[in-house]
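For reference, the structure is listed below as structure tokens.
The values are calculated or read from the model by the stated rules, or taken from the named source; none is laboratory data. Computed from a prediction, not measured in an experiment: that's the story for all the values here. In this analysis, Cβ positions are derived from the backbone assuming ideal geometry, glycine residues included, and neighbour counts consider all displayed protein chains. To get the accessible areas, we keep the full protein, side chains included, count just its heavy atoms, and leave off ligands, DNA and RNA. Shrake-Rupley method; radii C 1.70, N 1.55, O 1.52, S 1.80 Å.
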Amino acid sequence: MIKYIHHTFSVFLLLLLMTVGSFTTPVNKTASFTGAWQLQEGSKEQVLIIADNYFMVSAYDKANKQFFYTYGGSYTITGSAMQTRIEFNTTHKEQVGKTFKYVFDAAGHQLSTDISGQKEIWKRLDDGSGPLCGNWRITDRMQGDKLVPMPLASRRTLKLLSGTRFQWAAINIETGEFFGTGGGTYTFANGKYTENIAFFSRDSSRVGALLSFDDKAEADVWTHTGLSSRGDK
């Protein structure tokens with residue numbers, strides 16, 4: 001399944017998102033991992049979002065408006081092993097395009113992994129329930145008065161959502177180039193989508209800001225109208 005976003009930077013921002021294609025995995029095992037997970041170390045927070053056979057990990061300090069790192073990519077699951085293909089990594093660019101196997105075991109509200117190189121226990125933040133949960137890609141962006149297509153290419157912008165958390169990442173999956181990321185919590189009700197920014201790699205002054213959008217999600221297309229993450233029209 002593929003989801004698409006349309007992006008606009010004129011009088012308003014219009015995004016159309018489409019779900020990104022995923023691998024086939026055992027449904028029950030994938031479902032147990034889907035959602036958002038957290039590791040808290042003082043004011044430093046790590047959040048892992050898993051949806052549509054894609055994952056993103058981010059580390060940041062919201063209180064001090066610091067962004068540390070992020071990485072992510074696609075995955076498949078066999079038994080308790082998750083095999084990942086890294087599509088972006090801000091601290092280890094050389095990993096882009098390579099595959100790694102990790103131990104993943106979800107039980108109730110805890111997830112045990114060795115994704116960092118050592119065993120860690122993550123706390124569940126949500127189970128991925130919600131109409132926007134999934135992996136989305138910007139496919140069209142308004143420029144002037146025209147909606148300009150953004151065909152699928154190595155350079156892409158993805159937005160991964162669980163039931164309560166979101167993260168976007170602008171990446172190049174072939175060169176390993178990384179152009180920016182941001183994320184936090186969100187709500188979606190009655191056609192209104194609102195983000196609370198917890199981290200933003202390009203501009204830390206935006207941390208804590210609330211961004212509200214007029215949104216419509218139909219099947220695999222999400223139309224997103226409002227202001228950019230920088231606060232521009």
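Structure above, values below:
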| item | result |
| --- | --- |
| Residues within the stretch 85-98 that are in contact with a Ser or Thr (Cβ under 8 Å, 6 or more places away or on another chain) and either at pLDDT below 95 or among the charged types (D, E, K, R) (or both), tallied | 2 |
| Hey, Ala198 part of a strand (DSSP E or B) and of a type in the set (A, V, I, L, M, F, W, C) or not | yes |
| Subset of the stretch 137-151 [part of a strand (DSSP E or B) and surrounded by fewer than 17 Cβ atoms within 10 Å (Cβ to Cβ)] | Gln143, Lys146, Leu147, Val148, Pro149 |
| Candidate set: the stretch 115-128, residues that are open to solvent by 40 Å² or more (accessible area, probe 1.4 Å) and either touching a strand residue (DSSP E or B) at 6+ places or on another chain (Cβ under 8 Å) or among the charged types (D, E, K, R) (or both); chosen: the one farthest from Thr185 (Cα to Cα) | Lys119 |
| For Arg155: the one exception among (1) more than 21 Å from Thr34 (Cα to Cα); (2) open to solvent by 40 Å² or more (accessible area, probe 1.4 Å); (3) out of contact with any strand residue (DSSP E or B) (no Cβ under 6 Å at 6 or more places or on another chain) | (3) |
| In the stretch 201-215, the residues that are surrounded by 20 or more Cβ atoms within 10 Å (Cβ to Cβ) and assigned to a loop (DSSP other than H, G, I, E, B) | Ser201, Val207 |
| Count - residues of the stretch 36-52 that are at positive phi and at pLDDT 95 or above | 0 |
| Unmet criterion (only one of (1) out of contact with any strand residue (DSSP E or B) (no Cβ under 7 Å at 6 or more places or on another chain); (2) at pLDDT 95 or above) for Gly73 | (1) |
| Qualifying strands (runs of 3 or more DSSP E) (wholly inside the stretch 43-114; at least 2 residues being open to solvent by 60 Å² or more (accessible area, probe 1.4 Å), more than 19 Å from Leu160 (Cα to Cα) and of a type outside the set (A, V, I, L, M)) | 66-78, 99-107 |
| Residue among Gly134, Gly176, Gly180 that alone is on the phi > 0 side of the Ramachandran plot and either without any contact (Cβ under 8 Å) to a residue 60 or more places away in the chain or exposed (fewer than 15 other Cβ atoms within 10 Å of the Cβ) (or both) | Gly180 |
| Counted residues, the stretch 123-136 - those being assigned to a strand (DSSP E or B) and either modelled with pLDDT under 95 or small (Gly, Ala, Ser) (or both) | 1 |
| Leu161 buried (at least 19 other Cβ atoms within 10 Å of the Cβ) and either aliphatic (A, V, I, L, M) or without any contact (Cβ under 8 Å) to a residue 24 or more places away in the chain (or both) | yes |
| Hits in the stretch 33-88 - residues which are farther than 16 Å from Gly184 by Cβ and in contact with a helix residue (DSSP H, G or I) (Cβ under 6 Å, 6 or more places away or on another chain) | Ile50, Ile77, Ile86 |
| Selection status of Ser129, among the polar types (S, T, N, Q) and over 30 Å from Gly226 (Cβ atoms) | no |
